[in-house]
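Visitor: The structure is given below, and queries will be raised subsequently.
Taken together, the values in this text are just the output of simple stated rules run on the coordinates, not laboratory data. Computed from a predicted structure; not experimentally measured. All Cβ positions, even for glycine, are placed from backbone atoms using ideal geometry, and neighbour counts span all protein chains on display.
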Amino acid sequence: MGERVRHALITAGTKGIGRAVTDAFLREGFAVTVNYRSDAGAAERLKTDWKEAADRLLVVQGDVTRAEDIERLFRLSMERFGRVDFLINNAGPFIFERKKLVDLSEAEWLDVLHGNLTAVFRLAKRVIPVMRRQRFGRIVTFGFQNADDAPGWIDRGAFAAAKVGLVSLTRTIALEEAEHGITANMILPGLILPDMKEATAEQARRLARKRTPFGRSVTGEDIARAILFLCSDAAEMITGSVLDLTGAVDVVNRFRPRFEDDSATS
């Protein structure tokens, strides 16, 4: 593996939106480390699908809510590739059962908070010194539609609180690290149905579901393309930005409370 090949570290990168992002980086010729929490089958499918790029792909099992697992993920990725150019924080633990805040257990609260917010802090602590030495780095986080407005979200209080906090954390990183050539931006996906998370834009056009004013669903490919641009040299002046990627649904719903039964996007 040549030292000049840039390397992406992608959390939860073996299925769903994370898989679409992983595929995009591998297609562009980058080295990629991905982690997964428990779905060994998805990890094996990724390795099989990209066996011709085995020298550029590292798959590591681990739980981003655990500090020791993050340390191991970072250590193994550095041992293999020697650098980290892109940190894509796709992992986002989510409680699918609808619960009021007072009905959450402390364990549930901490799992969501650590997985969505503390994990980004821990990974940033490790990769930013590497990026500073390189004088280059791109950090991308994930939120939810309109998270930058700090909305309430009925029955999703832990997830909403963690992601809204992550908006501020992302912008703080952008301010503190700009002088080192490091950018930090957040993607806010709209509602993406499970069968669209690994789909292409063309597949969504053929289905023609009226999920957005644009006339089709947002897909994993749409999100991956936006992330590739944010990670490019051409995007060095885009930092501290929060990008709604919803097909204009965020414009329609900007001033509406979140009553709908949304699913997690990452």
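Visitor: Search the structure for amide H atoms under 5 Å from the amide H of I154, placed 1.01 Å from N in the peptide plane, and list their residues when 5 or more places away or on another chain.
Guide: For I154, whose amide H was placed from the backbone, the distant partners under 5 Å are R258.
Visitor: Can you work out ³J(HN,Hα) from phi for every residue in the stretch 99-106, in order, using Karplus 6.51 cos²θ - 1.76 cosθ + 1.60 and θ = phi - 60°, giving whole Hz and x for Gly and Pro?
Guide: Going residue by residue, I get 9, 5, 4, 6, 8, 6, 6, 5 Hz, with x marking Gly and Pro.
Visitor: Now for a separate question. Can you put F74, F142 in order of Cβ neighbours within 10 angstrom, beginning with the fewest?
Guide: F74, F142
Visitor: Between the alpha-carbon centers of the stretch 1-52 and the stretch 112-183, tell me the distance in whole angstrom.
Guide: Here the answer is 21 Å between Cα centres.
Visitor: Here's something else I'd like to know. Rank the residues I182, I88, I154 as a footprinting-exposure proxy: fewest other Cβ atoms within 10 Å of their Cβ go first.
Guide: I154, I182, I88
Visitor: Let me confirm the definition first: pairs of Lys residues in the stretch 1-109, 8 or more apart or on different chains, C-alpha distance under 29 Å. How many are there?
Guide: Total qualifying Lys-Lys pairs in the stretch 1-109 comes to 4.
Visitor: Identify, among T141, S217, G240, the residue whose Cα sits farthest towards the positive end of the charge dipole of the stretch 7-252, taking +1 on the Cβ of Lys and Arg and -1 on the Cβ of Asp and Glu, with the dipole about the Cα centre.
Guide: Towards the positive end, the residue furthest out is S217.
Visitor: Here's a follow-up. Can you sort R72, R133, R56, R138 by how many other beta carbons sit within 10 Å, fewest first?
Guide: Fewest-to-most Cβ neighbours within 10 Å comes out as R133, R72, R56, R138.
Visitor: Right, another one. For the stretch 7-252, I need the span (max minus min coordinate) of the C-alpha atoms along each principal axis, in Å, sorted largest to smallest.
Guide: Principal axes ranked by extent give 43, 42, 39 Å for the Cα atoms.
Visitor: Taking the stretch 76-122, which trypsin sites (Lys or Arg not before Pro) meet the DSSP loop condition and have no more than 13 other C-beta atoms within 10 Å?
Guide: Listed in order of number, the matching sites are R98, K100.
Visitor: For a protection proxy built on the mean count of beta-carbon atoms within 10 angstrom, sort 165-172, 216-223, 143-150 highest first, please.
Guide: Answer by packing, highest mean first, reads 216-223, 143-150, 165-172.
Visitor: Rounded to the nearest 20 Debye, what is the dipole magnitude of the stretch 1-159 about its Cα centre when Lys and Arg each give +1 and Asp and Glu each give -1 at the C-beta?
Guide: In total the dipole reaches around 680 debye.
Visitor: Please go through the stretch 1-48 and write out the trypsin sites (Lys or Arg not before Pro) that DSSP classes as loop and that have at most 10 other C-beta atoms within 10 Å.
Guide: Loop-located and lightly packed - R4.
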